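The values are calculated or read from the model by the stated rules, or taken from the named source; none is laboratory data. Predicted, not measured: the structure shown is a model, and the values here were computed from it. FYI the Cβ positions are ideal-geometry reconstructions off the backbone, even for glycines, and counts take in every protein chain you see.
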Amino acid sequence: MAQEEPHTNSVFDFLYSDKRRIKSWIAQIFPDGVLASHSRTSQTGGSKGNEISGEIDASAGVSALVADAKVKGSAKAASKTDEIQSSSHSKSFDTSWSLELDLLDKLDELGMIHRDIASASIGSLILASGVPKLIDVRFIQEMWDSASELMHMDRKITNKNKTQVALEKKAMKDIGSVFKKLPPTPQLYMLDGDDNNIWACFDEKYMIVNPASLALMHGTIVKGKWHILGVLDAYPDSHENDSLAIEIEEQYPQNDFLVTFSEVAQMVRQLMGRPSVSYGITPLLIFRKIK
């Protein structure tokens, strides 16, 4: 049977899809929960007439002809029986890739999607668009030592700069030793249409496209207009509400370990995490519209 005509004029290409959280949200929004599969059955039927004739006794009924082929008599009679024929066809559909579109449509219908990140509150669902810059942390971790050597390979070393070059190599090695211990989560940087800086990191297992292949294709800037749907979790450091969060943190009891840990965590964040001027989003979907 031929494939049915599509019922939409839009096709989306997904770069990232957090299936676990998508199913969790759908289970809360739709009363029947998450649709795992869909089946459709069609049935056709008809009848085929069969005519049987023979000599029967005038007093015999039609039932006698059906019951016994040996009939006697001078009169002739005929019987027509209907044989019903029917056939059914069943199709089963995989709905796993419909979940993203179902969720997008329903969230938009409910008015839950915010498109102005600057006016949104923490915990709001944000839809932002722009050209993303993708950093594959795992790829850099694996290439760090070799890349550090390549950076100094063509540099001419003299007695004047020998000490400086040694210090730079040591600094690169020290940064690499810290960097290699970080979770190998890809990071995304984006500037939206209102010049808001957005930062996100996501779970590699939910990447639809291998981030290493994107790095080989694009470098860091992934060409085209992409959309990111996610939860707003952090303001820029200069935001008044973010300053309030710092005041709240200072109210918690402290000990030497917590103070040291907070300082180290803040240093690592400044070095390799969310930039101070960026909004932080926990992504649910990253996609683009196919033209």
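Which residues, counting only those in region 96-148, are touching a strand residue (DSSP E or B) at 6+ places or on another chain (Cβ under 8 Å) and assigned to a loop (DSSP other than H, G, I, E, B)?
MET112, ARG115, ALA120, SER121, ILE122, GLY123, SER124, VAL131, PRO132 - these are the residues of region 96-148 that are touching a strand residue (DSSP E or B) at 6+ places or on another chain (Cβ under 8 Å) and assigned to a loop (DSSP other than H, G, I, E, B).
Residues GLY111, GLY130: which one is within 30 Å of TYR16 (Cα to Cα), surrounded by 14 or more Cβ atoms within 10 Å (Cβ to Cβ), modelled with pLDDT of 75 or more and under 24 Å from the mean Cα position of the chain (by Cα)?
Going through GLY111, GLY130 in turn, just one is within 30 Å of TYR16 (Cα to Cα), surrounded by 14 or more Cβ atoms within 10 Å (Cβ to Cβ), modelled with pLDDT of 75 or more and under 24 Å from the mean Cα position of the chain (by Cα): GLY130.
Do we find a residue being touching a residue at least 12 places away in the same chain (Cβ under 8 Å), in contact with an Asp or Glu (Cβ under 9 Å, 6 or more places away or on another chain) and among the aliphatic types (A, V, I, L, M) anywhere in region 99-119?
yes
Is there a residue being at pLDDT 75 or above, out of contact with any strand residue (DSSP E or B) (no Cβ under 9 Å at 6 or more places or on another chain) and closer than 14 Å to LEU104 by Cα anywhere in region 1-16?
no
Of (1) at pLDDT below 75; (2) in a helix (DSSP H, G or I); (3) loosely packed, with under 10 Cβ neighbours inside 10 Å, PHE257 satisfies all except one. Which?
All conditions pass for PHE257, except number (1).
Just to check your reading of the model, which residue among MET190, MET172 is surrounded by 15 or more Cβ atoms within 10 Å (Cβ to Cβ) and over 28 Å from TYR16 (Cβ atoms)?
The unique qualifying residue is MET172.
For the condition surrounded by 12 or more Cβ atoms within 10 Å (Cβ to Cβ), under 30 Å from the mean Cα position of the chain (by Cα) and free of Cβ contacts under 8 Å to residues at least 40 places away in the same chain, what is the one hit in LYS205, LYS180?
Every option except LYS180 fails the conditions.
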